[in-house]
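Inspection log for the structure reproduced underneath, given as structure tokens.
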Amino acid sequence: MFSVDELKAKFRELYGREPFLVRAPGRVNLIGEHTDYNDGFIMPAALEYETRAAVAPRTDRILRVHSAKIGETAEFDLDDPAPQPRRDWTDYVFGVAVALAGAGKRLTGADILVASSVPVGSGLSSSAALEVSIGYGLLAAAGLPIDLVELAKLCQKAENEFVGMRCGIMDQFISCNGQHDHALMIDCRSLDKRPVPIDPRARLVIANSMVHHELASGEYNKRRASCEEAVRLLAPVLGPIRALRDVTPAALEANKALLSDVTYRRARHIVSENERVLEAADALAGGDLARCGALMNASHASMRDDYEISCEEVDVLVDIAQKLPGVFGSRMTGGGFGGCTVSLVEAGAADAFMEAVRVAYETATGLKSTIFACSPQQGVGPLEG
Ligand code: GLA
């Protein structure tokens, strides 16, 4: 990761002047997967992994962005009447400028350098961290006020419309609003958030399966379509439902015959996952780590069997973790088809757990997992130092 001094030095070398610095974190989701775009409940936390942006305003309407990781500079004209995606990393940057401008924000040109420690393709939201750091940086460069809920929504819009990924609000929202030492239980309909402290007797351990299957974004959009289909088919009998959030497990069971087997199982994941999130938030807040862990295990089974978004390597990683001493629960986190798992582990057992997972996963798959215990961070803001 670029230190503050390295970032400033690189910026001076590239652009010959002084920047201000912004940081925006990646995230881990403890429970509540694919529920966000169903108006449901999620419980993410912001990570130490983050994108850092060095920014300085320009007097014209040009955005110039350099990615330290890719070693590439790209330019964008804020006055381009019909901006087109380029199908590469710059879409996450310029898409945010397009979304902000579309919402009436009068931006100025800017020189930008971005560097990130969020591993790409790991399911820890490297793209949201990039979008949010850019959005915050562009608003600050133009001297505009920053509303963190609005920023999250506009970054999501950039990803939906400019990048073409129909993601929900989770990643951008937690990157904007993360809270130190807490997960946030978020109602994705009202965007109300409830901070849930991470019990000091437990650690959150993230293990990277080191695989990322290419079908991820196509399958993601298909899952979303199945959820919409379920709502369309259930609405005539259930009345004014807007999303699967409005369907209870009992109502789904009673009307199972209206849905194909696949659509029913997709809906069952969402409907049951929403209940698990609500219960897990109470369990974690009330110190019932065993219950919270059991709900995480059930969430994994539901993602694997009903929503079918896991994969062999992730299942191996979860199976290894769930059997180790001191583990309350373990599940895949993020969009799916690879990426990371999150485990809730007794604090005193965490080191031994990480070592045991590393060894067992390598023995089983030949892959070397990156594993770390995380402490939740604040959302986007100025980077001091
Ligand atoms: C991705 C999306 C989120 C969310 C998760 C699954 O990270 O960006 O909006 O849907 O997948 O929970």
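The values are calculated or read from the model by the stated rules, or taken from the named source; none is laboratory data. None of these values were measured; they are calculated from a predicted model. FYI the Cβ positions are ideal-geometry reconstructions off the backbone, even for glycines, and counts take in every protein chain you see. Surface areas here come from the heavy atoms of the whole protein model, side chains and all, with no ligands, DNA or RNA. Shrake-Rupley method; radii C 1.70, N 1.55, O 1.52, S 1.80 Å.
Karplus couplings for region 347-356 from phi (6.51 cos²θ - 1.76 cosθ + 1.60, θ = phi - 60°), rounded to Hz, Gly and Pro as x?
Ordered by residue, 3J(HN,Hα) equals 3, x, 9, 4, 5, 5, 4, 4, 5, 5 Hz.
Over region 4-197, give the accessible area per residue in Å² for a 1.4 Å probe, as an integer.
It amounts to 36 Å² per residue over region 4-197.
Among Asn297, Ala158, Thr363, whose Cα projects farthest towards the positive end of the dipole of the chain, with charges put on the beta-carbon of Lys, Arg (+1) and Asp, Glu (-1)?
Ala158
Round to the nearest 0.05 the FRET efficiency obtained for Glu228 and Glu75 when R0 = 41 Å and r is the Cβ-Cβ distance.
Result of the calculation: an efficiency of 0.60.
Could you tell me the extents of the chain's C-alpha atoms along the three principal axes, largest first, rounded to whole Å?
So the three principal-axis extents are 61, 53, 37 Å.
Which value does Rg/Rh take for region 92-181 over its C-alpha atoms, Rh per Kirkwood?
Across region 92-181, the Cα-based Rg/Rh ratio is 0.94.
Tell me, what ³J(HN,Hα) does each residue in region 304-317 have, in order and in whole Hz, if you take phi through Karplus 6.51 cos²θ - 1.76 cosθ + 1.60 with θ = phi - 60° and put x for Gly and Pro?
For region 304-317, the Karplus curve yields 6, 8, 9, 8, 6, 10, 8, 7, 4, 5, 5, 4, 4, 4 Hz.
Rounded to a whole number, what is D in µm²/s for region 135-203 from Stokes-Einstein with the Kirkwood radius over alpha-carbon pairs (37 °C, 0.692 mPa s)?
Answer from the Stokes-Einstein relation: 244 µm²/s.
Name the residue, out of Ala128, Ala352, Ala280, whose mean-square fluctuation peaks in a Gaussian network model built on the chain with Cα pairs under 10 Å.
Ala352
In deg cm²/dmol, rounded to 500, what helix-only [θ] at 222 nm does the chain give when every DSSP H run of at least 4 residues adds -39500 (n - 2.57) and the total is split over its residues?
Taking each H run of at least 4 residues, the total per residue is -13000 deg cm²/dmol.
Just the number: Rg to Rh for region 164-250, Cα atoms, Kirkwood Rh, two decimals.
With Rg and the Kirkwood Rh in hand, the quotient comes to 1.04.
May I ask you to order 5-16, 305-316 by the average number of other C-beta atoms within 10 Å around their residues, highest value first?
Final packing ranking: 305-316, 5-16.
Report, please, the projected area of region 56-114 averaged over directions, based on the convex hull of its C-alpha atoms, in nm².
That works out to 3.9 nm², a quarter of the Cα hull's surface.
Among Leu21, Leu259, Leu317, whose mean-square fluctuation peaks in a Gaussian network model of the chain (Cα, cutoff 10 Å)?
Looking only at Leu21, Leu259, Leu317, the biggest GNM fluctuation is shown by Leu259.
Distance in nm between label sites at Arg58 and Ala235, each 7 Å beyond Cα in the beta-carbon direction?
Reported label-point gap for Arg58 and Ala235 is 4.5 nm.
Just add up the charged neighbours of Ala254: K/R +1, D/E -1, any other residue whose Cβ is under 15 Å from the Cβ of Ala254.
Neighbour charge sum, excluding Ala254 itself: 0.
Using amide H atoms built 1.01 Å from N in the peptide plane, name the residues 5+ places from Thr333, or on other chains, whose amide H lies under 5 Å from its own.
Cys340, Thr341, Val342
Taking K and R as +1 and D and E as -1, what net charge do the other residues with C-beta under 13 Å from the C-beta of Tyr15 add up to?
Within the 13 Å Cβ shell, the charges total +2.
If you average 1/r over all unlike Cα pairs in region 202-374 and invert the result, what Kirkwood radius do you get in angstrom?
After inverting the mean inverse Cα-Cα distance, the result is 17.0 Å.
Roughly how many percent of the accessible protein surface of the chain is carbon and sulfur, given a 1.4 Å probe and a whole-percent answer?
Carbon with sulfur: 51 percent of the solvent-accessible area.
Looking only at Ala225, Ala56, Ala257, which one moves most when the chain is put into a Gaussian network model with springs between Cα atoms under 10 Å?
Judging by the Gaussian network model, the answer is Ala257.
How much accessible area per residue does region 261-385 have, in Å², with a 1.4 Å probe?
Per residue, region 261-385 has 37 Å² of solvent-accessible surface.
For a quick size check, give me the Cα extents of region 4-197 along its three principal axes, largest first, whole Å.
44, 37, 30
Which whole-number percent is the relative contact order of region 4-197 (Cα, under 8 Å, 6+ apart)? Could the numbers behind the result be given before it?
On the way: 402 pairs, mean separation 53.2, N = 194.
Relative contact order comes out at 27 percent.
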